[in-house]
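Input: a single structure, listed below in structure tokens.
Read-outs: derived from the displayed coordinates by stated rules, not from any lab. All of these numbers come straight from a predicted model, not from anything done at the bench. Cβ sites come from the backbone with ideal geometry, for glycine too, and all protein chains shown count toward neighbours.
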Amino acid sequence: MEILVLNCGSSSVKFALWSAEPLRRLRWGIVERIGLANSRLLVNDAGGEGSNEAVDCSDHRRAVELVLAGIAGRRNHDAGAIAAVGHRVVHGGERFARSARIDEQLLREVERCSELAPLHNPPNLAGIRAARELLPRAVQVAVFDTAFHQSMPPEAYRYPLPAGWYEKYAIRRYGFHGTSHLYVAHRAAALLDRPLEQLRLVTLHIGNGASAAAVAGGKSIDTSMGFTPLEGLVMGTRCGWIDAAVPLWVMRKEGLDAARLDTILNRESGLLGLTGRFSDRREIVQAAAAGDERCQLALAVECRSLRKVIGAYAALMGGLDAVIFTAGVGENSPEIRAGALRQLDFLGIRLDGERNRQAVGGAHELCISSPGSRVQVWVVPTDEERVIAEDTLAQVTGRFDRAGFRYSFSR
Ligand code: ADP
């Protein structure tokens, strides 16, 4: 039995084929530039073989066809072996606190959530429709980015705005990257060799987009992204937390419309805005080391936002057992990790400089706190696809609690 995991974005489809028992990644890759010139299909396999070819790909249905062709490759692959397809779905609104089998009703509800995630949910839905058509016998499962954060209490998710906005438009904090926060929290419990139910964790997913979560007793009780992924930490090109009056002020001053402002806050702000040049942390770290003052400031602003969120979440949880770094920056940048943890000795955090420097490349889980540190700090490479595969398999077998299924989405 095999499980196919699909992550459909607006112009790409990432995929991974897993054998079910034991769960093992067999083939994975991406269809790039869907609906654009020079589309490509890249495939890797566990045996170390790879391919990279030019393809014609006008839409998501064609992309899923290409995925199936890529999986088959030169082998005699039987598409009938794919028992289930797990789909990443970005926004599940307030309706989905766990993964679910896809049926007509679920599709209608995800469609309704498209208004909340107009860039993400429509391609997710296109992928689901294509997979249902092309693999009609496979069980289809949706795994939501927002689901893990549905455990937040109202005082975490409600904004101090007119109550009618929540009632009419469901304007509230949802949070994103939930699958990643869930995965690293479960790994942290295994690495600390303590029950997740007893742990207070701050998980930091820092990539181009970045979010933090306070995970107490295995549940997300607060997170930094909000109604949209624009809120919270300083990101590559997104502003994160700012005074809401600032965009209104600039709008009036420069006569900008909402669409232009949306672009500025999402694509021209954050580290790119501060440096005027870079959103890639590698370039910023390098330029800062070479004396570029804008890049030095940008790093200081980013690290300060991380430090603030760690302190705030420790306060919310009444203490802290571990801090977990993940995603592109979290797994690779000793400088940003050190900056995020600076002066946090009072919380019981002591970084081991040498271990921190060694934790690059994202290949291993590594403890980077010193042996005497009361709070452990870990770098844990994220694996959202594995969670999607496990949750999907659990839906097929109906076995949600046997060893190996560590995730709570499906329960
Ligand atoms: P996305 O949010 O697009 O999934 P990723 O999780 O892949 O992002 O993270 C991308 C970020 O990771 C980029 O800003 C990149 O600079 C950063 N990154 C990757 N390797 C390093 C490194 N060695 N040092 C610093 N930053 C790195």
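Annotations
- Modelled label reach - LEU316, point 7 Å along Cα→Cβ, the stretch 195-227 residues with backbone N closer than 15 Å: 200-205, 211-227
- When the charge dipole of the chain is built from unit charges on Cβ atoms (+1 for Lys and Arg, -1 for Asp and Glu) and taken about the Cα centre, the candidate among ASN124, VAL90, GLY9 whose Cα reaches farthest toward its positive end is VAL90.
- Furthest towards positive pole of dipole, SER220, ALA63, VAL234, structure part the chain, Cβ charges: SER220
- Taken along the Cα-to-beta-carbon direction at a fixed 7 Å, the label points for LEU23 and ALA258 span 4.0 nm.
- Shape call, the stretch 121-211: gyration tensor on alpha carbons, a/c limit 1.5: oblate
- Rounded to the nearest 500, the helix-only mean residue ellipticity at 222 nm of the chain stands at -11500 deg cm²/dmol, with each DSSP H run of n ≥ 4 adding -39,500 (n - 2.57).
- Compactness check for the chain: Cα Rg over 2.2 N^0.38 Å is 0.99.
- Applying the Karplus relation 6.51 cos²θ - 1.76 cosθ + 1.60 with θ = phi - 60° to the stretch 190-196 yields 3J(HN,Hα) values of 5, 6, 7, 6, 9, x, 4 Hz, where x marks Gly and Pro.
- Prolate is the label for the stretch 58-186, because the ratio a/c of its alpha-carbon gyration tensor axes (a ≥ b ≥ c) is 1.5 or higher and a/b is greater than b/c.
- Per-residue Cβ neighbour rank within 10 angstrom, fewest leading, ILE388, ILE34, ILE171: ILE171, ILE34, ILE388
- More than 28 angstrom apart: percent of Cα pairs within the stretch 260-411: 36 percent
- Karplus-derived HN-Hα couplings along the stretch 222-229 (A = 6.51, B = -1.76, C = 1.60, θ = phi - 60°), whole Hz, x at Gly and Pro: 6, 8, 8, 6, x, 4, 10, x
- Relative contact order of the stretch 174-253, taken over Cα pairs closer than 8 Å and 6 or more residues apart, is 24 percent.
- Working note: Karplus 6.51/-1.76/1.60 with θ = phi - 60° gives the stretch 314-322 the couplings 4, 5, 4, 8, x, x, 8, 10, 7 Hz, where Gly and Pro are set to x.
- Degrees separating the helix 258-267 axis from the principal Cα axis of the chain, which is the longest one: 80 degrees
- Restricting the stretch 85-160 to GluC sites (Glu not before Pro) that sit in a DSSP loop and have at most 14 other Cβ atoms within 10 Å of their own Cβ leaves GLU94, GLU115.
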